[in-house]
Amino acid sequence: MFKTLFAAAALLAVLALPASAEIGEDGLHKEDWFSLTFRDIAEDIDAARDEGKRLAIIFEQRGCIYCARMHEDLLSDPEVRDYIKANFKVVQYNMFGDEEVTDLDGERLTEKTAARKWGYVFTPTIVFLPEQAPQDKTVAEAAVATMPGAFGKWTFLHMFEWVAEKGYEGEEHFQKYHARKLDALRAAGRLKDE
């Protein structure tokens, strides 16, 4: 009887843990809802728009502890994951990868040369693209927002919300938006760490 209860308790404890992304051959954590594309940025922007979503590119690298934290703590959180899945087409890039990428200006690069060209040096870095693909601009020039690094749940989620709500077009800077959202969470008794 004791063994059965112990086994049942152990199973429940395992089931209560957040789902962890698998690690691919490239050493990056893989979410089953990330999009696999031909990495033509203009086509990816159009495809995201056709799905009623926005394009977000996530740069990661093998062994990145902050990338692991993003997957384990943030992207496994149902509130965060479900919001992103509903509103964004997410494509993962390897900061040191050799997959071909076509920039918005038509230049063909590898993931690693694209990261250098666009000036991204931290992982994770999340790049948010506009709804329409501009011509003759690079991804870095066209990006409506960039989030370099891993943050807490609310900063992370609020950035996705701010982009989805086109906050970058208005007067309210992201930091003001984030502070307002944190105040609302405090008032609702939902704020813990941030």
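Does Met159 satisfy the criteria of being under 17 Å from the mean Cα position of the chain (by Cα) and assigned to a helix (DSSP H, G or I)?
Taking the combined requirement at face value, the residue satisfies it.
When restricted to residues that are of a type outside the set (A, V, I, L, M), over 21 Å from Tyr120 (Cα atoms) and surrounded by 14 or more Cβ atoms within 10 Å (Cβ to Cβ), region 44-67 contains 3.
Apart from one condition, Ile23 fits all of (1) among the hydrophobic types (A, V, I, L, M, F, W, C); (2) more than 21 Å from Val121 (Cα to Cα); (3) in contact (Cβ under 8 Å) with a residue 12 or more places away in the chain; the exception is (3). Of the numbered criteria (1) of a type outside the set (S, T, N, Q); (2) at positive phi; (3) out of contact with any Asp or Glu (no Cβ under 6 Å at 6 or more places or on another chain), the one Asp136 fails is (3). I need the helices (runs of 4 or more DSSP H) fully contained in region 74-148, keeping only those with at least 3 residues that are under 18 Å from the mean Cα position of the chain (by Cα) and more than 24 Å from His158 (Cα to Cα). Those helices (runs of 4 or more DSSP H) span 111-118.
No value in this document is a laboratory result; all are computed from the given coordinates. Small disclaimer: the values here were computed from a predicted structure and weren't measured. Cβ sites come from the backbone with ideal geometry, for glycine too, and all protein chains shown count toward neighbours.
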